[in-house]
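Worksheet: one structure, shown below.
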Amino acid sequence: MGSTFYPELVALLRQAGCTFVRQGKGSHEIWFSPITNKNISVPFTVQSKHTANAILKQAGISEKL
């Protein structure tokens, strides 16, 4: 298995004020974004930069990995 983008993704989420809500199903976590006022699903096995950027977009963060 290759490296994951999870540590960088979580750092950007925390920097934007997002908070961990709970553990989701399987390898997913549920985070709350105060920017969009919505919960987002974040897999801790994310290996694709495109997926990581899509999660940031869902959270309302314009920064890319």
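Within segment 7-53, which residues are at pLDDT 95 or above and among the aromatic types (Phe, Trp, Tyr)?
20, 31, 32
Would you mind telling me which numbered condition in (1) of a type outside the set (Asp, Glu); (2) loosely packed, with under 14 Cβ neighbours inside 10 Å; (3) at pLDDT 95 or above residue 59 fails?
(2)
Just name the residue that is least open to solvent (accessible area, probe 1.4 Å) out of those in segment 1-52 that are of a type in the set (D, E, K, R) and touching a strand residue (DSSP E or B) at 6+ places or on another chain (Cβ under 6 Å).
Initially, segment 1-52 is screened for residues of a type in the set (D, E, K, R), giving 8, 14, 22, 25, 29, 38, 49.
When the remaining residues are screened for being touching a strand residue (DSSP E or B) at 6+ places or on another chain (Cβ under 6 Å), the result is 22, 29.
Values: 22: 130, 29: 21 Å².
Among those residues, the one meeting the criterion is 29.
The values are calculated or read from the model by the stated rules, or taken from the named source; none is laboratory data. In this text, all values refer to a predicted model and were calculated from it rather than measured experimentally. When we count neighbours, we look across all protein chains shown, and the Cβ atoms used for this are built from the backbone with ideal geometry, even at glycine. Quick note on the areas: whole protein, heavy atoms, side chains included, nothing else; ligands and nucleic acids left out. Shrake-Rupley method; radii C 1.70, N 1.55, O 1.52, S 1.80 Å.
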